[in-house]
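Quick note: the coordinates plus some simple rules give every number you see, no bench work behind them. This one's a predicted model, so the numbers in the text were calculated from it and none came from an experiment. For neighbour counting, all protein chains shown are included, and Cβ atoms are generated from backbone atoms with ideal geometry for every residue, glycine included.
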Amino acid sequence: DKLPQPWNIENFSFSYSNQKLERHEPFGGNEVRKSTKGGIDYTYSRAPIYISPFKRVVKNEKLGKYLKFISDFHFNPLPNTFGFNTVLDRQLNQVTYRFSGEGESTNTFFQHRYTWDRNYTMQWDLTRSLQLNCDAKNQSLIDELNDFLPTGLPVSANEK
């Protein structure tokens with residue numbers, strides 16, 4: 001029966017996933033894919049509370065009909081809904097081709113993809129007839145270079 005507060009744990013949600021795919025083909029080669037993803041969501045909503053500061057200002061009935069728009073003025077001082085979402089996604093892919101060379105550096109393809117997505121949202125009913133919606137999205141690509149062994153060969157995805 002309590003009103004929801006911005007700091008309540010119910011406003012948060014967390015997610016995590018981890019996947020690994022290994023595929024072996026007799027002619028094509030071997031493939032290893034790893035994906036790790038984690039996210040945090042926060043959303044808070046509340047009912048709008050409208051304030052009418054000039055409701056009782058106009059008391060004269062003759063002037064009241066001309067100044068009704070002032071006495072009917074109202075506003076909501078706080079946003080109705082605001083939220084935040086962030087997701088980190090790391091993907092590693094290693095493909096080793098058969099019959100394409102002797103060394104691991106010539107027959108192995110490495111692909112690293114590391115992204116960080118953030119979403120912000122806000123909804124604000126400034127008045128009963130004027131609403132403000134704001135959404136922002138940020139997408140980041142994090143550069144993750146190959147790790148190399150002392151021999152000069154890249155570290156495989158199996159070892160990470």
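Some observations on this one:
- Distance between modelled label sites at SER15 and ASN30, nm, 7 Å Cα→Cβ extension: 3.3 nm
- A crude spin-label estimate for the pair SER129 and PHE99, with each label 7 Å from Cα along the Cβ direction, gives 7.6 nm.
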